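Peer 1: Can you read through this structure? Questions will come right after.
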Amino acid sequence: MMNKQFQDYPSLPKSYKGLFPFKICTTSFIYPDHYIPNVKMLGPYLDEIELLLFESTGCDALPSRSVIAELGRLAGEFDLSYNVHLPTDISISDLNLDRQRDAVETMVRVIELVQPLCPSALILHVPYIDGSLKDDNVPSWQDRVYKNLEKILSVVENRKIIAIETLEYPLELLEAVLVDLDLAICLDLGHLMVYDHDVKKVFNKYGLKTSVLHLHGVENNRDHTTLNRLSPELTETVLWVLKRFTGVVSMEVFSYENLTSSLKFLEYHWEKS
């Protein structure tokens, strides 16, 4: 029986567990509540949950160890897995050495915190804040990223658990780093679309190193909206990618309405294709 405090939250209309050749996933912020209520509401219907640990500071920014323990219990109850989005309010590529060090130490602390959950992936943003991509700043940025990733990798057993997410810049800027350190990739299809990258070309090049896809709608240069905002051309592109992928596909939206409409949209077009 559903706990009393959850009665006002609408459930997903059906289960999507095992429906696709990839794991279907969404974020831990679909309902305006904390991690555990979201997982209790979503766990019976999806294969995986993307735990959003965006903020690294503040008394309630990161889940406590008791919350992690309960999330682990719920994973068993619902036959559920997790991936973890590492904090985005800090950056291992920061120009300031103290902030770099703090970012690395925080990432390590978060990785150790979520280790009991055996996450399928640890998603990491590596922002480029050094100015033009055409100047001499790129090599120094790459060097900072490489050295700090090495420090983070010292606390993980499987390097491929770290998945670098595609942002606005071309992934080629980090290709040598990814290959040399043997890391995985999180291809954010919404980011690729909103920044006008060639999605099929990027997937053809990096699909084999990709463990997670982030999927969300794009409209008027805005992303993280419902999939039904995609144009017919972008819908065809998304389906082309999904037909060639068997990892984790996370509907990276942040409301019940955007999630349910995205799932219906995906199921409808999947069955038609």
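Derivation of every value follows stated rules applied to the coordinates shown; laboratory data play no part. In this text, all values refer to a predicted model and were calculated from it rather than measured experimentally. A quick note on method: Cβ atoms are made from the backbone with ideal geometry, for glycine too, and the neighbour counts reach across all protein chains shown.
Peer 1: Do the conditions hold for PHE254, that is, is it touching a residue at least 40 places away in the same chain (Cβ under 8 Å) and buried (at least 19 other Cβ atoms within 10 Å of the Cβ)?
Peer 2: Numbers: touching a residue at least 40 places away in the same chain (Cβ under 8 Å): yes; buried (at least 19 other Cβ atoms within 10 Å of the Cβ): no.
Spelling it out, it is not the case that PHE254 is touching a residue at least 40 places away in the same chain (Cβ under 8 Å) and buried (at least 19 other Cβ atoms within 10 Å of the Cβ).
Peer 1: Which of the residues that make up the range 189-204 are more than 15 Å from VAL253 (Cβ to Cβ) and in contact (Cβ under 8 Å) with a residue 12 or more places away in the chain?
Peer 2: First, the residues of the range 189-204 that are more than 15 Å from VAL253 (Cβ to Cβ): 192, 195-204.
Those that are more than 15 Å from VAL253 (Cβ to Cβ) and in contact (Cβ under 8 Å) with a residue 12 or more places away in the chain: LEU192, TYR195, HIS197, VAL199, LYS200, VAL202, PHE203.
Peer 1: I'm trying to understand the selection: among the residues of the range 151-172, which are out of contact with any Leu (no Cβ under 7 Å at 6 or more places or on another chain) and in a helix (DSSP H, G or I)?
Peer 2: LYS151, ILE152, LEU171, GLU172
Peer 1: Which residue pairs have Cβ atoms under 6 Å apart, sit 6 or more places apart or on different chains, and have a first residue in the range 83-100 that is at negative phi and a second that is polar (S, T, N, Q) and surrounded by 18 or more Cβ atoms within 10 Å (Cβ to Cβ)?
Peer 2: ASN83/SER120; PRO87/SER56; ASP89/SER56; ILE90/SER56; ILE90/THR106; ILE92/ASN148; ASP94/GLN100
Peer 1: If you don't mind, there's one more thing I want to ask. In the range 25-48, how many residues are of a type in the set (Gly, Ala, Ser) and buried (at least 22 other Cβ atoms within 10 Å of the Cβ)?
Peer 2: So in the range 25-48, the residues of a type in the set (Gly, Ala, Ser) come out as 28, 43.
Pick out the ones that are also buried (at least 22 other Cβ atoms within 10 Å of the Cβ) and you get 28.
Here the count works out to 1.
Peer 1: Quick one: which of ILE68, ILE30, ILE49, ILE36 is assigned to a helix (DSSP H, G or I) and under 24 Å from ILE90 (Cα atoms)?
Peer 2: On the way: ILE30 fails: assigned to a helix (DSSP H, G or I); ILE49 fails: assigned to a helix (DSSP H, G or I); ILE36 fails: under 24 Å from ILE90 (Cα atoms).
Every option except ILE68 fails the conditions.
Residue-by-condition table, conditions (1) over 24 Å from LYS151 (Cα atoms); (2) basic (Lys, Arg):
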residue: GLU70; (1), (2): yes, no
residue: HIS85; (1), (2): no, no
residue: ARG99; (1), (2): no, yes
residue: LEU124; (1), (2): no, no
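Peer 1: Shifting gears a bit: Can you go through HIS214, HIS197, HIS224 and tell me which one is over 28 Å from GLY18 (Cβ atoms) and outside any helix (DSSP H, G or I)?
Peer 2: When all the criteria are applied, what remains is HIS197.
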